[in-house]
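Here the structure is laid out as structure tokens; the discussion comes afterwards.
The values are calculated or read from the model by the stated rules, or taken from the named source; none is laboratory data. These numbers come from a predicted model, not from an experiment. Positions of Cβ are backbone-derived with ideal geometry, glycine not excepted, and every protein chain shown enters the neighbour counts. With ligands, DNA and RNA removed, areas are computed over all heavy atoms of the protein, side chains included. Shrake-Rupley method; radii C 1.70, N 1.55, O 1.52, S 1.80 Å.
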Amino acid sequence: MRARPLLLALLLPPLLALMTARRVVDDSMSPSIRAGDVVLLGPGGADPGDVVCLADPADPARAVLRRLIA
């Protein structure tokens, strides 16, 4: 089973390069995501139940996290 750690070591850096880390600043997604938490956001499609990052319509410089319902 030595192949698994090697495979993980080879695949993890490119996958992490595609992701963005964001720090949560408020408790609007509490209790699952709290202020101070760091979330990793990756590219790709979203399914119901996923957390997505959007530009705030009131302040486009600010990003908001929302859970996708449908």
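Where the only charges are on Cβ atoms (+1 Lys, Arg; -1 Asp, Glu), what is the dipole of the chain about its Cα centre, to the nearest 20 debye?
Dipole about the Cα centre, nearest 20: 360 debye.
List residues of segment 11-45, by number, whose backbone nitrogen lies under 18 Å from a label position 7 Å along Cα→C-beta of Arg67.
Answer for this model: 24-41.
Send over a whole-number figure in Å² for the accessible area per residue of segment 1-67, probe 1.4 Å.
80
Enter the angle in degrees (range 0 to 90, nearest 10) between the Cα long axis of helix 3-17 and the first principal axis of the Cα atoms of the chain, meaning the one along which they spread out most.
Tilt of helix 3-17: around 30 degrees.
For the chain, which whole-number percentage of the solvent-accessible area (1.4 Å probe, protein heavy atoms only) is attributable to carbon and sulfur atoms?
Carbon and sulfur atoms account for 63 percent of the accessible area of the chain.
If I stretch the segment between Leu11 and Ala35 completely, what's the gain in nm (0.36 nm per residue apart, minus their alpha carbon distance), one decimal?
5.6 nm
Using just the alpha carbons, could you tell me how many Å³ per residue the convex hull of the chain encloses?
Once divided by residue count, the hull of the chain is 138 Å³.
Under the Karplus relation 6.51 cos²θ - 1.76 cosθ + 1.60, θ = phi - 60°, what is the ordered set of whole-Hz ³J(HN,Hα) values for segment 63-70, x standing for Gly and Pro?
9, 10, 9, 9, 8, 7, 8, 9
Along the charge dipole of the chain, pointing to its positive end and built from +1/-1 on Cβ of Lys, Arg, Asp and Glu, which listed residue (Pro57, Ala70, Ala17) has its Cα farthest out?
Toward the positive end, the furthest listed residue is Ala17.
Can you work out the Karplus-derived ³J(HN,Hα) for every residue in segment 37-43? Use 6.51 cos²θ - 1.76 cosθ + 1.60 with θ = phi - 60°, whole Hz, and x for glycine or proline.
Using θ = phi - 60°, the values come out as 5, 10, 10, 9, 10, x, x Hz.
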